1. Counting only helical runs of four or more DSSP H residues, what would the 222 nm mean residue ellipticity of the chain come to if each run contributes -39,500 (n - 2.57) and the total is spread over all its residues?
2. Using a Gaussian network model of the chain whose springs link C-alpha atoms within less than 10 Å, name the residue from 182, 240, 41 with the highest mean-square fluctuation.
3. Would you give the gap between the C-alpha center of the stretch 228-248 and the C-alpha center of the stretch 1-55, rounded to a whole Å?
4. Just subtract the alpha-carbon distance of residue 260 and residue 136 from 0.36 nm times their residue separation and send over the number in nm, one decimal.
5. What area, in nm² and to one decimal, does the C-alpha convex hull of the stretch 9-244 cast on average over all directions?
6. Please give the peptides 61-70, 227-236, 172-181 ranked by average Cβ packing (other Cβ atoms within 10 Å per residue), highest first, as a rough proxy for protection.
7. For the stretch 102-141, state the semi-axes of the equivalent ellipsoid (square roots of 5 times the eigenvalues of the alpha-carbon gyration tensor), sorted largest first and rounded to whole angstrom.
8. With no solvent and one equal point scatterer placed on each C-alpha of the stretch 154-264, evaluate the Debye formula and give log10 I(q)/I(0) for q = 0.21 Å⁻¹, two decimals.
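Laboratory data are not the source of any read-out in this text; all were calculated from the coordinates shown. Keep in mind the model is a prediction, meaning the values are calculated, not measured. In this analysis, Cβ positions are derived from the backbone assuming ideal geometry, glycine residues included, and neighbour counts consider all displayed protein chains.
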Ligand SMILES: O=C(O)CCC(=O)C(=O)O
């Protein structure tokens with residue numbers, strides 16, 4: 001992990017106005033090679049720690065459609081080391097202009113080769129699934145373990161859409177993604193213009209939780225493999241009675257209204273005033 005690559009003030013300004021930012025390369029060839037082996041093991045249902053993930057879809061052995069595994073870091077020490085990296089947290093904190101970052105949950109992803117529509121991820125705002133969080137400003141770090149581009153169905157974002165408010169268009173599983181566009185345009189009165197997040201392996205895209213994003217089929221012969229690290233600002237609290245009451249991360253602790261998301265289920269990646277708060281950190285930069 002490149003512990004020196006931090007967004008510049010120009011990068012931060014780009015993130016603030018566009019709602020996403022693509023990092024330079026953060027992971028070395030050796031780290032990527034190791035991560036790919038561990039990613040494949042988790043997809044196959046081989047859990048090094050013997051602890052299963054929080055949930056997954058579909059079951060191990062089925063790679064005929066998009067595979068997602070939530071809290072894969074529970075199952076594997078290598079994945080945990082990178083998902084919980086202090087550097088990912090530090091970059092996220094700088095982009096959001098906050099002092100601390102915790103994990104909300106991770107999501108290991110595999111979009112199979114020649115996926116057809118079964119590989120699509122419908123247009124959505126993460127915030128739509130995270131209404132139980134008491135603030136709008138959250139962020140995801142999406143780690144490319146292979147080169148991703150339009151051929152293998154890279155993520156696409158709508159630049160600036162994080163300023164449009166919450167649209168109620170939460171269609172992660174909607175495969176006919178072109179059908180959604182006219183309705184979103186009608187709702188917002190704005191043209192739906194997307195930007196592909198083309199990333200060489202080892203680079204990471206960061207997107208704001210209100211940014212509209214989705215992805216299209218993998219038409220290549222290679223899998224698209226990645227890990228999305230969903231992050232919350234340290235100090236985020238639970239808001240009761242929202243449509244995302246049943247978010248899987250709430251099943252971990254059954255919070256009461258106003259409870260802090262803290263403790264071992266929501267580990268600290270980075271805290272400006274407490275450099276050793278990240279218990280997974282192996283070296284102080
Ligand atoms: O992997 C994709 O194409 C989309 C992932 C996503 O929705 C996310 O990371 O929030």
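1. That comes out to -6000 deg cm²/dmol.
2. Comparing 182, 240, 41 in the GNM, the peak value goes to 182.
3. 21 Å
4. Fully extending the segment from residue 260 to residue 136 adds 43.1 nm.
5. Computed as one quarter of the Cα hull surface, the answer is 12.2 nm².
6. Values: 61-70: 17.6, 227-236: 23.1, 172-181: 14.4.
Descending packing order for the listed peptides: 227-236, 61-70, 172-181.
7. Working: eigenvalues 135, 33, 9 Å².
So the three semi-axes of the stretch 102-141 are 26, 13, 7 Å.
8. Summing over Cα pairs of the stretch 154-264 leads to -1.28.
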